[in-house]
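What follows is a set of notes on a single structure, which appears directly below.
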Amino acid sequence: MTQGAQQSNGFVLHSRRFRENSRILEVFTETAGRIAVVARVSRRKGGSSASVYQPFRKLSVHWRGRGELQNILSAEELEHFPLSSHASLCGLYCNELLLYLTSKFIPMPSIYSSYQETLKSLAEENIFEPALRRFEFVLLEELGFGLDLETDHLTGQLLVDAEQYYYHPAMGLSSKNPGQGSFIVPAEAIDAIRKQDFSRQSNAKAVKLILASTIDRLLDGRPLKSRQLFRDMVKINT
Amino acid sequence: MDALRCLPGVGPKTAQRMAFHLLERERDSANVLADTLKTALEKIGRCERCRTFTEHDVCDICSSKSRDLKQLCIVENPADVLAIEQSTSYRGYYFVLMGRLSPLDGIGPEDLGLDKLGNRLDENEIKEIILATNLTVEGEVTAHYISEMAGARNIKTSRIAQGVPVGGELEYIDSYTLSHAFESRTNY
């Protein structure tokens, strides 16, 4: 192996065309975090190398370089997650989150393994929501924005038992209305997040709202296009 | 020379060779090239029906009366229309997206003229949609989105098959293609 070259397993999050025969790939690696690499892709000859750089494939990647943009030396597919069309959209949503919320060159092994598990569930299960919630939860925890579900942010004391609470994306939970920007959530939903049990339908909506609003705060007003696409898709069917 | 570099596959060296060649030996051809480019840019626009490039308001395929009204093939690029026309016996109409849904690049349904496609589906003439978007993740998502649009209007959709290419050796084919080829095998 060439000196200075690095190796890790990883997934392509996004690729865009660069010059005639190359692509710039954003790869989420296990040991080096998110990296941007240039890869040469031949579109004509069999196209096998182009297929390797599709998302949702676990690759063993060798790369080298200094600065922001590295060069890929080789990539080999280790495993692929066959996602159906709707699951693909969910996968792209996870990719979009990773792309916008993780920093380059910082290894995030827990997020990596959670991402891999999420792809596995998306490929094998028919219900996608619980897997997405679990991924969002881990992502927030690992980025240092984990939800504090024990304290009442208004009083600073432990949260008293109640049937419902107010949730504010920036401040957290409270038993009294803290004003604008907060919404009511049932205690059941808070309990589900504490136990990381995202399978129950009854509180799915509230759990989704809590996680989504917290993610939105981190995105700082940047819209998620894949989420918009979900909404457009729902509109078609109604 | 800088102007020539906007062409795909043309680097600084090639651009220099092209420029000198045109100036030294092919001054007449250079004039023809310049005129052709100018007229092409002025006259060629988008087809009102299928969004492909055309000199007229409606392209030749869309204005043809002899084609099958019931079938509509969805492709990503104008080049795909040519490829299908040249190598298949498909005789329906086309709709060219000029791209694909790619949330990470910020390309949404409105950028692909899917509202226009919706209006066309509402005309009630089309009975089958053939999804011939590329076999990439974005192509799949696009196909899925359009199939939902068609489903809401009770229009049948089909997706072009994917499998082993002619001359391909199984050993070298990527795992996704091979597993898909196995799953969608046909009677022989």
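So the values come out like this:
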item	result
Subset of the stretch A:140-174 that is free of Cβ contacts under 8 Å to residues at least 60 places away in the same chain and in a helix (DSSP H, G or I) - its residue that is nearest to A:Thr214 (Cα to Cα)	A:Glu141
Test for A:Asp220: is it under 30 Å from B:Tyr145 (Cβ atoms) and in the same structural domain as A:Thr118 (by TED's automatic domain parsing)	yes
Hey, A:Ile215 part of a helix (DSSP H, G or I), away from chain B (no Cβ under 14 Å), of a type in the set (A, V, I, L, M) and more than 16 Å from the chain's Cα centre (by Cα) or not	no
Any hit, the stretch A:34-54, residues being outside the structural domain of A:Asp220 (by TED's automatic domain parsing), under 16 Å from the mean Cα position of the chain (by Cα) and farther than 21 Å from B:Asp105 by Cβ	no
Tally, over the stretch A:8-23, of residues that are more than 12 Å from chain B (Cβ to nearest Cβ) and among the β-branched types (Val, Ile, Thr)	0
Tally, over the stretch A:71-103, of residues that are away from chain B (no Cβ under 11 Å) and touching a residue at least 60 places away in the same chain (Cβ under 8 Å)	4
Total residues in the stretch A:211-231, condition among the charged types (D, E, K, R), without any contact (Cβ under 8 Å) to a residue 60 or more places away in the chain and more than 23 Å from A:Gly146 (Cβ to Cβ)	1
Residues of the stretch B:6-44 satisfying the condition of being closer than 29 Å to B:Tyr94 by Cα, surrounded by 11 or more Cβ atoms within 10 Å (Cβ to Cβ) and at pLDDT below 90	B:Leu7
Qualifying residue in the stretch A:57-80 (condition: buried (at least 20 other Cβ atoms within 10 Å of the Cβ), at pLDDT 90 or above and not in a strand (DSSP E or B))	no
Selection status of B:Ala143, at the interface with chain A (Cβ under 8 Å from one of its Cβ atoms), of a type in the set (A, V, I, L, M, F, W, C) and touching a residue at least 60 places away in the same chain (Cβ under 8 Å)	yes
Those residues of the stretch B:150-188 which are among the aromatic types (Phe, Trp, Tyr) and either in contact with a Pro (Cβ under 9 Å, 6 or more places away or on another chain) or within 12 Å of chain A (Cβ to nearest Cβ) (or both), in sequence order	B:Tyr172, B:Tyr176, B:Phe182
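The values are calculated or read from the model by the stated rules, or taken from the named source; none is laboratory data. This one's a predicted model, so the numbers in the text were calculated from it and none came from an experiment. Don't worry about glycine lacking a Cβ; one is built from the backbone with ideal geometry, like all the others, and counts go over all protein chains shown.
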